[in-house]
1. Looking at this structure, is residue A:206 at pLDDT below 95, farther than 26 Å from residue A:311 by Cβ, surrounded by 15 or more Cβ atoms within 10 Å (Cβ to Cβ) and not assigned by TED's automatic domain parsing to the domain that holds residue A:65?
2. Testing residue B:332 on (1) within 15 Å of the chain's Cα centre (by Cα); (2) within 11 Å of another protein chain (Cβ to nearest Cβ); (3) in a helix (DSSP H, G or I), one condition comes back false. Which one is that?
3. Hey, can you tell me all the residues within the stretch B:128-156 that are surrounded by 23 or more Cβ atoms within 10 Å (Cβ to Cβ) and not in a strand (DSSP E or B)?
4. I'd like to know if the stretch B:335-349 contains one or more residues that are crowded, with 22+ Cβ neighbours inside 10 Å, farther than 29 Å from residue B:389 by Cβ and within 12 Å of another protein chain (Cβ to nearest Cβ).
5. When the residues of the stretch B:97-145 are filtered to those that are touching a helix residue (DSSP H, G or I) at 6+ places or on another chain (Cβ under 8 Å) and within 14 Å of chain A (Cβ to nearest Cβ), which remaining residue is farthest from residue B:158 (Cα to Cα)?
6. Mind listing whichever residues of the stretch A:183-207 are in a loop (DSSP other than H, G, I, E, B) and under 16 Å from residue A:375 (Cα atoms)?
7. Considering each of A:235, A:264 in turn, give the residue that is closer than 26 Å to residue A:356 by Cβ and at pLDDT below 90.
């Protein structure tokens with residue numbers, strides 16, 4: 001019997017995917033749970049596994065766009081008996097080969113409902129179709145610069161890149177975004193790091209980086225200014241009661257934003273462990289949709305690439321994002337003297353619809369104070 | 001030997017389920033106590049359509065041929081031969097199903113099937129073991145307590161399909177689909193036909209516009225309707241039957257009781273496995289499982305319209321569920337047809353149903369009286385009505401009364417199932433001249449762009 005291979009559900013907002021790799025060729029013999037192809041969705045790359053042992057027949061090729069639920073091939077289990085290397089070929093009586101390949105015992109008791117009620121059908125009335133007859137006026141077209149062929153090379157946008165593009169434009173168009181800046185004297189944190197590094201590594205198995213300090217300072221500031229930890233939902237302002245901080249990481253495939261959940265209840269060590277875990281997953285391309293679901297605030301660190309100052313862009317529906325930058329020794333005035341201090345500029349982009357300038361500025365000042373004197377965080381300042 | 005699946009009932013739900021199970025590699029048996037094919041084939045759809053067609057030819061002989069310049073001096077018909085032809089049609093189908101069973105290696109277990117345990121079906125005393133059971137035992141006509149059915153003079157649809165002679169006066173209680181179809185048969189063959197309907201409209205599931213137009217057409221053919229009338233008593237005398245209602249009394253020589261059908265689960269042994277029917281219907285989940293997970297139920301014994309094609313679709317779906325597939329059945333896209341002349345066919349929501357669901361609707365309609373093909377053939381009665389969602393333009397319902405409506409409805413079902421918009425249907429080329437152009441025009445009318453009106 002031919003078992004269908006279907007594109008599985010991959011999260012609420014994922015409706016289609018692109019075939020990024022074919023791992024097993026049509027005609028090859030596959031075993032249950034073998035990786036057959038890799039799909040690239042808006043958010044992650046996802047392998048599709050063989051539903052049964054048998055001969056593979058794929059109906060899609062690399063770069064094909066497939067929809068959730070679409071049949072993308074078959075595994076012919078008839079072939080299983082004949083082709084499986086370990087199947088005893090002569091021993092099995094002929095009749096056996098024709099035995100039901102679907103084991104009725106295994107019939108899926110659980111599974112999606114087969115009965116689409118009238119109300120369910122109606123709920124799925126999708127995007128409005130043109131209600132009015134099409135007019136003859138041509139749609140406005142963006143002016144295009146004529147580009148001489150040969151002066152550019154072209155490559156297809158990946159689905160991830162397309163999604164990033166779409167979401168970023170949406171974030172810009174649908175919010176009232178602006179940015180406030182400040183600077184942090186990193187001396188104290190750097191001193192703690194060099195002083196405590198050995199003990200920290202021994203205890204936690206990971207290095208004490210800057211990020212745990214920033215996550216903790218963000219949590220403290222969010223507690224002080226809950227509107228920053230909120231988002232607009234229709235006519236309501238919804239305030240997160242959780243402190244789930246997203247960390248933007250650059251991967252080969254593009255930007256990904258995994259979430260560290262419950263940062264308020266984590267130690268510095270646990271935060272660093274989480275970050276290290278995501279770094280590994282990112283390198284291996286294994287960050288999952290679940291890793292990226294939710295989150296109430298985002299930190300992005302352009303400093304690792306040398307950025308002095310930038311204006312980060314919101315990660316909707318969140319209302320604020322913190323930009324970290326490179327640490328540079330600068331002359332600063334301390335008391336009445338000029339001193340050399342390691343300085344990092346901070347940028348907080350926020351949605352002015354929900355966060356006022358005063359709060360945003362105070363949020364950043366609160367962070368600055370805690371980062372310059374980390375001991376303040378011990379006593380919940 | 002143990003079966004993978006035993007299907008109880010060989011009607012359009014059961015036999016189709018059995019075939020699909022067998023196709024999917026399951027060792028399958030189908031239990032049937034009567035002739036194969038169930039109600040649909042033996043005492044329902046098939047024999048009634050045979051008689052409807054025969055009687056329609058008789059009617060056309062006298063009423064349509066003269067306008068085409070064809071004159072038959074003295075027309076007559078042979079009722080026995082007509083019934084004989086009907087029986088032949090049915091028999092050929094009985095044999096057809098038997099042949100399909102043989103081809104698919106399905107065992108036909110003759111006798112009354114009853115559940116002994118969740119995995120044991122007893123057929124007239126012989127026990128058969130099985131992994132899964134599909135219940136498809138169908139439905140039976142409802143009768144009135146004061147009007148005992150003898151299937152000779154007081155008949156259900158079953159008896160009405162096998163009368164020995166054409167009654168002079170036929171009283172039909174219930175002007176639903178079955179009533180108007182069989183009433184039409186005997187009206188065309190010469191009976192005086194009177195309908196007594198409790199509700200304020202005929203074929204109550206139809207769209208209001210369609211139902212009204214339909215009633216007028218049938219009245220034009222000489223049938224009489226008494227709506228809002230409740231039969232309260234009956235007197236069955238030697239020479240006539242008198243029905244007393246809350247309005248007046250009616251006399252006739254045959255009474256057809258067509259007030260509806262109820263699920264048939266008698267002797268099925270549901271109590272042995274702990275399945276409790278709800279108002280006669282067997283409760284099932286989204287995957288057709290009863291309260292006993294390996295026992296499934298489809299067709300007239302479960303929720304939904306009591307239609308042969310609905311049962312067949314469900315049969316296929318259950319078989320595929322057993323094969324670990326994820327099929328679906330879209331209930332809004334189950335068409336319903338009345339095989340009168342003209343026919344009535346509908347799919348989706350009526351205008352009222354859509355409004356009751358809080359949807360804002362747009363409608364369009366087109367009468368066959370100005371349709372090119374209908375003019376050519378002289379089948380001018382009826383109209384097409386389209387109901388679309390005002391916001392999305394997606395089609396919600398398509399309702400047709402007119403010649404060959406049962407065939408025209410197919411494109412409407414495809415459209416509803418695939419959430420096509422009125423504009424898309426309107427922009428779909430239709431061959432000219434055809435009756436189906438009325439569907440296109442009615443869709444155009446939704447957008448006030450109708451060409452021929």
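1. Against the criterion (at pLDDT below 95, farther than 26 Å from residue A:311 by Cβ, surrounded by 15 or more Cβ atoms within 10 Å (Cβ to Cβ) and not assigned by TED's automatic domain parsing to the domain that holds residue A:65), residue A:206 qualifies.
2. Single failed check for residue B:332: (1).
3. Result: B:136, B:137, B:138.
4. Scanning the stretch B:335-349 turns up no residue that is crowded, with 22+ Cβ neighbours inside 10 Å, farther than 29 Å from residue B:389 by Cβ and within 12 Å of another protein chain (Cβ to nearest Cβ).
5. If we take residues in the stretch B:97-145 being touching a helix residue (DSSP H, G or I) at 6+ places or on another chain (Cβ under 8 Å) and within 14 Å of chain A (Cβ to nearest Cβ), then B:131 is farthest from residue B:158 (Cα to Cα).
6. Within the stretch A:183-207, the subset in a loop (DSSP other than H, G, I, E, B) is A:186, A:205-207.
The one that is in a loop (DSSP other than H, G, I, E, B) and under 16 Å from residue A:375 (Cα atoms): A:186.
7. Only one candidate qualifies: A:235.
Residue by residue, here is whether (1) more than 25 Å from the chain's Cα centre (by Cα); (2) farther than 25 Å from residue B:63 by Cβ holds:
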{"position": "B:370", "(1), (2)": "yes, no"}
{"position": "B:377", "(1), (2)": "yes, no"}
{"position": "B:394", "(1), (2)": "yes, yes"}
{"position": "B:402", "(1), (2)": "no, no"}
{"position": "B:416", "(1), (2)": "no, yes"}
{"position": "B:434", "(1), (2)": "yes, no"}
{"position": "B:438", "(1), (2)": "no, no"}
{"position": "B:444", "(1), (2)": "yes, yes"}
{"position": "B:447", "(1), (2)": "yes, yes"}
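The values are calculated or read from the model by the stated rules, or taken from the named source; none is laboratory data. Everything numeric in this text was worked out from a predicted model, so none of it was measured. Methodologically, a virtual Cβ is constructed for each residue, glycine included, from the backbone with ideal geometry; neighbour enumeration extends over all protein chains shown.
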